[in-house]
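So the structure is just underneath, and the comments pick up after that.
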Amino acid sequence: MHELPASVRVALWVTHAWAGGTSMPDALRRALPDVDHTEGLREQLDLWRDLGEAAVLVALPGPGHTAGLPRCGPVATEAAVEAGEALFVPGLGGMLVPEHSSYGSEGATAHRIDWVAHDSDPVPVHRIEALDHSQLERHLRQRVLAAVDDLEDIDGRPWSSDIAHDLVDDRLGADWALPPRLPDRARSVIGMAATLSVAATVGLEHSGALSASHEHTRASALRALHRDAERALADATNAACAAFAGWVPTR
């Protein structure tokens, strides 16, 4: 089952908790129901909150695509890119990068996340306040149309098997276990971006049985769609966190 990245879930649920929506223990349980043990998360979140932070934000970087990260050193950047996700706070600066691992015996493994703290620069809040779910939704729809055109040009399909198609269909319309009080437009855009990310990932995992040149073009189109979906997912999450924090009106 494909789920939202852990950092997206933590950013949404913790910012919701900080706004009085729920308790912190409940927020972390709701954010990470599939994680059996965490280290380094609650302590850092409590410190950020005690120092006046009102929102936890998220970045979903990838190789060659780090625009969503706050300014930080090469070690922090490399760790975030390798993880594909990171949490950060805008006022004080500071970042948490998850390291996923498993433990236990064969057939009875458990999921663990160690959250490693890194220094990063503050981020001007007006950059987050400027994010708009309506614009993000329009951009996503344009990217879908462009990706479909690219795939149709080579007679390719994003999903090349019934199993892969079913995996995507399973997530369409899902609520992704998002917090209550999330504005409808935010919920819609986060769900759309997450589903497109899953669609692109599933497409890349299942070959289209095309010629080598056509498969390269198909994979390039899907990778571009995945990058855009991940960036939109991070932006939509941060816009929702801005609303929870009271920086912008709830729309």
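Sub-8 Å Cβ pairs linking a first residue in segment 18-40 that is touching a residue at least 12 places away in the same chain (Cβ under 8 Å) to a second residue that is surrounded by fewer than 17 Cβ atoms within 10 Å (Cβ to Cβ) and in a helix (DSSP H, G or I), at least 6 apart or interchain, are Trp18/Arg49; Met24/Arg42; Met24/Asp46; Leu28/Arg42, ordered by first then second residue.
In the set (1) small (Gly, Ala, Ser); (2) part of a loop (DSSP other than H, G, I, E, B); (3) in contact with a strand residue (DSSP E or B) (Cβ under 7 Å, 6 or more places away or on another chain), the condition left unmet by Ala54 is number (3). Among the residues of segment 1-18, the ones that are more than 20 Å from Arg181 (Cβ to Cβ) and open to solvent by less than 10 Å² (accessible area, probe 1.4 Å) come to 2 in all. Candidates Ala83, Ala117, Ala79, Ala110: the one that is open to solvent by 50 Å² or more (accessible area, probe 1.4 Å) and either touching a helix residue (DSSP H, G or I) at 6+ places or on another chain (Cβ under 7 Å) or of a type in the set (A, V, I, L, M) (or both) is Ala117.
Remark: Thr237 matches the filter, which requires a residue to be of a type in the set (Ser, Thr, Tyr), at pLDDT 80 or above and open to solvent by less than 10 Å² (accessible area, probe 1.4 Å). Would you check if Leu145 is modelled with pLDDT of 80 or more and either assigned to a helix (DSSP H, G or I) or not β-branched (Val, Ile, Thr) (or both)? It is true that Leu145 is modelled with pLDDT of 80 or more and either assigned to a helix (DSSP H, G or I) or not β-branched (Val, Ile, Thr) (or both). Residues in segment 19-31 that are touching a helix residue (DSSP H, G or I) at 6+ places or on another chain (Cβ under 6 Å) and crowded, with 16+ Cβ neighbours inside 10 Å: Ala19, Ala27, Arg30, Ala31.
The values are calculated or read from the model by the stated rules, or taken from the named source; none is laboratory data. Predicted, not measured: the structure shown is a model, and the values here were computed from it. Cβ: placed from backbone, ideal geometry, glycine included. Neighbour counts: every protein chain shown. All accessible areas refer to the heavy atoms of the entire protein, side chains included, with ligands and DNA or RNA removed. Shrake-Rupley method; radii C 1.70, N 1.55, O 1.52, S 1.80 Å.
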